[in-house]
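This report refers to the structure that appears directly beneath it.
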Amino acid sequence: MKVTQLNKPILQKFRQDFMKLTNRFAELSDLENVTWELGNASYNPDEATFKLILRVDGAKTKGQKDLEFWSKLEGVDPTIDHPMYELVEYNSKGRTYPWIYKKKGSESLYKATTQWAKSNFPMGAK
């Protein structure tokens, strides 16, 4: 397939092909306890940049580390056993809705305001 300029379908095809290649690399590599994922891409018609994320197994993500840090500053206790919700991450770039939570039993993620987080996960409410 001859490519004259980059567009979304071309990059989707590249992502699929690259994931096949990384799966093969995982079989050949002697790296242990490391996982990787191909993140977001930015592109223009001439050039594309993909983010490749390597993570030691069991390591916390940036969002999980931010959750620990910001929950102390904001008076939120993410360890509370809420009957319906679980705080999973904090998005430091999300000014209005920085708290990321999920409903128990679901994998869907939702975003919330600091006020919502404080009312559902108040510090000292255990």
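Rounded to the nearest 20 debye, what is the charge dipole size of segment 1-74 about its Cα centre when +1 sits on each Lys and Arg Cβ and -1 on each Asp and Glu Cβ?
280 debye
Which order do the peptides 27-40, 98-111, 64-77 take when ranked by the mean count of other beta-carbon atoms within 10 Å per residue, highest first?
64-77, 98-111, 27-40
What does the charge add up to near Leu52, with Lys and Arg as +1, Asp and Glu as -1, over the other residues with Cβ less than 12 Å from its Cβ?
+2
Roughly speaking, to the nearest percent, how much of the chain's 1.4 Å accessible area is carbon and sulfur?
52 percent
Quick check: residue separation of Leu54 and Thr22 times 0.36 nm, minus the Cα distance between them. What number comes out in nm?
Taking Leu54 through Thr22 to full extension adds about 10.3 nm, to one decimal.
Using only the Cα atoms of segment 19-60, build the gyration tensor, take square roots of its eigenvalues as a ≥ b ≥ c, and label the shape rounded, prolate or oblate: rounded if a/c is under 1.5, else prolate if a/b is larger than b/c, else oblate.
Oblate.
Taking square-rooted eigenvalues a ≥ b ≥ c of the alpha carbon gyration tensor, is the chain rounded, prolate or oblate, where a/c under 1.5 means rounded and, failing that, a/b exceeding b/c means prolate?
Prolate, since a/c reaches 1.5 and a/b exceeds b/c.
Mind checking the dipole of the chain: about its Cα centre, +1 per Lys or Arg Cβ, -1 per Asp or Glu Cβ, Debye to the nearest 20?
That gives a dipole near 440 debye.
Report Rg (one decimal) and Dmax (nearest whole number) for segment 60-126, counting Cα atoms only, units Å.
Calculated on Cα positions, Rg and Dmax stand at 10.7, 29 Å.
Once you keep just the Cα pairs under 8 angstrom separated by 6 or more residues, what percentage relative contact order results for the chain?
It comes to 16 percent, rounded to a whole number.
Quick one: net charge of Tyr97's neighbours, Cβ under 15 Å, K/R +1, D/E -1?
Spelling it out: positives minus negatives among the neighbours equals +2.
The values are calculated or read from the model by the stated rules, or taken from the named source; none is laboratory data. Not measured: the values here are computed from a predicted model. Because the Cβ atoms are built from the backbone with ideal geometry, glycine has one as well, and the counts that use them run over all protein chains shown. Side chains are part of the model used for accessible areas, which takes the heavy atoms of the whole protein and leaves out ligands, DNA and RNA. Shrake-Rupley method; radii C 1.70, N 1.55, O 1.52, S 1.80 Å.
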